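S.K.: The structure under discussion is supplied below as structure tokens; questions concerning it will follow.
Read the figures in this text as sums done on the coordinates, not as results from a lab. Since the model is a prediction, treat every value here as computed from it, not as a measurement. Methodologically, a virtual Cβ is constructed for each residue, glycine included, from the backbone with ideal geometry; neighbour enumeration extends over all protein chains shown.
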């Protein structure tokens with residue numbers, strides 16, 4: 001029996017008093033690298049002011065409309081955004097959207113390992129907050145979204161496929177304390193033991209038992 005489920009939820013609310021900072025205005029930020037795993041770990045690096053990051057691609061992603069590709073039928077768009085994945089040049093988050101044209105038994109697409117902020121004078125910082133995500137189709141593994149913030153480029157998300165869907169797959173990450181409000185000490189403790197903030201989650205799993 002074919003089933004469709006939507007899940008909206010919030011696990012941890014981050015609060016703080018510091019002024020939010022757009023990602024592209026983070027001091028000494030030189031470039032941003034997206035680690036994607038299609039047959040191995042692939043890295044795609046963009047300058048802070050690159051067209052890829054400062055625009056969101058319209059319409060359907062494909063061979064002539066993408067920022068980079070994975071396997072065949074898998075295409076990606078990356079951009080600055082709000083926490084819910086809406087494009088915002090002054091956003092405090094980074095989003096990656098994807099389309100993938102294979103259903104189960106093939107594995108799911110949008111396989112994001114990490115997003116890295118590369119600095120001219122500081123160590124690289126990986127994303128540490130899952131702000132929101134969209135998982136679709138019968139080969140999605142929503143619980144894998146935490147792999148995008150575990151600091152390990154050998155693990156990755158599996159967000160599913162876009163066959164027959166009007167939406168795109170998506171993962172949106174934050175980078176505390178470099179961008180966005182600085183959390184209270186109690187929240188920092190939660191982050192240090194591996195808790196994940198997930199807000200505005202949407203999951204649509206077809207043929208999901």
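S.K.: List 150, 67 from most exposed to least, where exposure is judged by having the fewest other Cβ atoms within 10 Å.
M.R.: 150, 67
S.K.: Just report the Cα centroid separation between region 163-177 and region 86-119, whole Å.
M.R.: Taking the Cα centre of each part, region 163-177 and region 86-119 sit 6 Å apart.
S.K.: Within 10 Å of each residue's Cβ, count the other Cβ atoms and sort 103, 92 from fewest upward. Before the final figure, lay out each step's value.
M.R.: Details: 103 17, 92 24.
By the 10 Å Cβ count, ascending, the order reads 103, 92.
S.K.: A follow-up question, please. Full extension from residue 124 to residue 64: what is 0.36 nm times the residue separation minus their Cα-Cα distance, to one decimal in nm? Can you show the working numbers first?
M.R.: Details: separation 60, 0.36 × 60 = 21.60 nm, distance 3.12 nm.
Gain in length upon complete extension: 18.5 nm.
S.K.: Then there's this: Counting only DSSP beta bridges with both residues in region 93-174, what percent are antiparallel, rounded to the nearest 5?
M.R.: On the way: 15 of 16 bridges.
Percent antiparallel among DSSP bridges in region 93-174 is about 95.
S.K.: Still on this structure: Identify the residues of region 153-179 with backbone N under 11 Å of a label point that sits 7 angstrom from the Cα of residue 41 along the Cα-to-Cβ direction, or state none.
M.R.: So the set is 153-156.
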